[in-house]
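Let me begin by presenting the structure, written as structure tokens, before commenting on it.
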Amino acid sequence: MYNSGKIIIGIVIFLGLFTSPIWYDLAIGKTTNKPVLVLPKGEDQQECVRSAEYIRDNHMDLLNDWRDEVVRKNNRDYTSPGGKHYEMSLTKTCLNCHSNKTEFCDQCHNYAGVTPYCWDCHVEPNLMEIN
């Protein structure tokens, strides 16, 4: 191999660039704090449509499934694994408890660096309180 030196240098540079986020985190040594969610008074006594762990990991999938069921199949009834019935509605079901977007939704979305598109169609909860 006539170019083995160049290939090895290229591989080393590639690995350095590819693993640079890891090296950066190790050098900085600082961890980010998990968001602190502010729940409305008495919400901890209410039951959600699914477990907190499931919602934390899969709420966007659940909301997408709800959207498809409501918009495409005109089905608004959701039965939880516990057998309880809910209306498939971001506004009437989810935002009934999680009404403060700034103190609840935005905390996790900002931490995760995601921009949900819920508010492209729905009115933001803080704006609903004003009206």
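The values are calculated or read from the model by the stated rules, or taken from the named source; none is laboratory data. Everything quoted here is computed from the prediction, not taken from an experiment. A quick note on method: Cβ atoms are made from the backbone with ideal geometry, for glycine too, and the neighbour counts reach across all protein chains shown. Protein only, heavy atoms only, side chains kept; ligands, DNA and RNA dropped before computing areas. Shrake-Rupley method; radii C 1.70, N 1.55, O 1.52, S 1.80 Å.
Does Gly5 fit the bill of being in a helix (DSSP H, G or I), without any contact (Cβ under 8 Å) to a residue 12 or more places away in the chain and open to solvent by less than 90 Å² (accessible area, probe 1.4 Å)?
It is true that Gly5 is in a helix (DSSP H, G or I), without any contact (Cβ under 8 Å) to a residue 12 or more places away in the chain and open to solvent by less than 90 Å² (accessible area, probe 1.4 Å).
Name the residue that is farthest from Gly82 (Cα to Cα), counting only residues in region 16-34 that are touching a helix residue (DSSP H, G or I) at 6+ places or on another chain (Cβ under 9 Å) and modelled with pLDDT of 85 or more.
So the first thing to find is which residues in region 16-34 are touching a helix residue (DSSP H, G or I) at 6+ places or on another chain (Cβ under 9 Å), and the list is 16, 23, 31-34.
Next cut, modelled with pLDDT of 85 or more only: 16, 23.
Working: Gly16: 50, Trp23: 46 Å.
Among those that are touching a helix residue (DSSP H, G or I) at 6+ places or on another chain (Cβ under 9 Å) and modelled with pLDDT of 85 or more, it is Gly16.
Is at least one residue of region 9-17 under 30 Å from Asn100 (Cβ atoms) and out of contact with any Pro (no Cβ under 6 Å at 6 or more places or on another chain)?
Checked region 9-17: no residue is under 30 Å from Asn100 (Cβ atoms) and out of contact with any Pro (no Cβ under 6 Å at 6 or more places or on another chain).
Go through region 56-81 and count every residue that is within 23 Å of Trp119 (Cβ to Cβ), of a type outside the set (A, V, I, L, M) and open to solvent by less than 40 Å² (accessible area, probe 1.4 Å). Quick ask: steps written out before the conclusion?
Here is the first cut: in region 56-81, the ones within 23 Å of Trp119 (Cβ to Cβ) are 56-72, 76, 78.
Filter once more, keeping what is of a type outside the set (A, V, I, L, M): 56-59, 61, 64-69, 72, 76, 78.
Remaining after also requiring open to solvent by less than 40 Å² (accessible area, probe 1.4 Å): 64, 66, 78.
Residues that pass the stated criteria total 3.
Just give me the residues in region 67-81 being more than 9 Å from Val49 (Cα to Cα) and in a loop (DSSP other than H, G, I, E, B), in sequence order.
Asn74, Asn75, Arg76
Under 9 Å between Cβ atoms, at least 6 apart or on separate chains: pull out the pairs that start in region 92-108 with a residue that is farther than 14 Å from Val38 by Cα and end on any residue that is assigned to a helix (DSSP H, G or I).
Matching pairs, first to second residue: Thr93/Trp66; Cys94/His59; Cys94/Leu63.
Quick one: in region 82-108, of everything that is out of contact with any Ser or Thr (no Cβ under 8 Å at 6 or more places or on another chain), open to solvent by 50 Å² or more (accessible area, probe 1.4 Å) and under 13 Å from Val49 (Cβ atoms), which residue is modelled with the highest pLDDT?
Lys84
May I ask you to verify whether Tyr24 is within 22 Å of Tyr111 (Cα to Cα) and among the aromatic types (Phe, Trp, Tyr)?
yes
Considering only region 48-55, I want to know if a residue exists there that is loosely packed, with under 11 Cβ neighbours inside 10 Å and part of a helix (DSSP H, G or I).
Looking through region 48-55, at least one residue is loosely packed, with under 11 Cβ neighbours inside 10 Å and part of a helix (DSSP H, G or I).
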